[in-house]
1. Being within 15 Å of the chain's Cα centre (by Cα) and either part of a loop (DSSP other than H, G, I, E, B) or among the aromatic types (Phe, Trp, Tyr) (or both) is the filter here, so list the residues in the stretch 30-68 that pass it.
2. So Glu13 ticks every box in (1) loosely packed, with under 14 Cβ neighbours inside 10 Å; (2) under 14 Å from the mean Cα position of the chain (by Cα) but one. Which box is left unticked?
3. Report the residue count in the stretch 132-145 for those that are surrounded by fewer than 17 Cβ atoms within 10 Å (Cβ to Cβ) and touching a Ser or Thr at 6+ places or on another chain (Cβ under 9 Å).
4. Inspect all residues belonging to the stretch 9-27 and state whether any of them is of a type in the set (S, T, N, Q) and free of Cβ contacts under 8 Å to residues at least 12 places away in the same chain.
5. Of all residues in the stretch 76-104, count the ones that are surrounded by fewer than 21 Cβ atoms within 10 Å (Cβ to Cβ), in contact with a helix residue (DSSP H, G or I) (Cβ under 8 Å, 6 or more places away or on another chain) and under 14 Å from Cys23 (Cβ atoms).
6. What are the residues in the stretch 146-160 that are part of a loop (DSSP other than H, G, I, E, B) and either buried (at least 17 other Cβ atoms within 10 Å of the Cβ) or under 17 Å from the mean Cα position of the chain (by Cα) (or both), if any?
7. Which of the residues spanning the stretch 126-148 are closer than 16 Å to Leu12 by Cβ, at pLDDT below 95 and among the small types (Gly, Ala, Ser)?
8. Hey, does the stretch 25-47 have a residue that's at pLDDT below 95 and over 24 Å from Glu160 (Cα atoms)?
Amino acid sequence: MSDSSPAPTPVLEVWCELQCPDCRSALDDLRALRARYGDRLELRLRHFPMEKHKHAFAAAQAAEEALEQGRGWEYVEAVLGRVEELDRKGEPFLVEVAGELGLDAEEFDTALIDGRHILIVDADQAEGKAIGVTGTPTYVIGGERLDGGKSQAGLRERIEQIADRLLADGA
């Protein structure tokens, strides 16, 4: 009897901080990877808010609320595309973006107040520290950690090499 179940989809974990200009720079690479691989590569957002950005922890919680409402990556891209506004406006900006995207902004506000997503963000941050993440963006695919905080140069190509190998090997 042969196992005809589909091969598991390779996962690219993206350790990100929504107030990070380097993460904004990485958006083009992430869009290109999604365009190239579609559903054959799962992009998984992982949170790594840093203390130097005072709104990053709230932004990570807001991203989790957007994910819960079905528009996680769209929200992440919208916030990262306007990092300066997040710097200036803080948490009200996070709720504003939710409203612009047609999400339940009132629920965003409540989620930021009641902290329902704090444990997810804390767990991501702890796991990131445990595997050696020190800055953002950092990528993990096929057991390999790639640090994009220093430079994005060549990272997309390296991710593609690993993804192609994983897909060829049946993940």
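1. Answer for the stretch 30-68, where residues must be within 15 Å of the chain's Cα centre (by Cα) and either part of a loop (DSSP other than H, G, I, E, B) or among the aromatic types (Phe, Trp, Tyr) (or both): Leu41, Phe48, Pro49, Met50, Phe57.
2. All conditions are met except number (1).
3. So the answer is 2.
4. no
5. Number satisfying all stated conditions: 5.
6. Narrowing the stretch 146-160 to residues part of a loop (DSSP other than H, G, I, E, B): 148-154.
Matches in the stretch 146-160: Gly148, Gly149, Gln152.
7. Gly142, Gly143, Gly148
8. no
The values are calculated or read from the model by the stated rules, or taken from the named source; none is laboratory data. Worth saying up front: this structure is predicted, and the values here are computed from it rather than measured. Glycine gets a Cβ as well: all are built from the backbone with ideal geometry, and neighbour counts include every protein chain shown.
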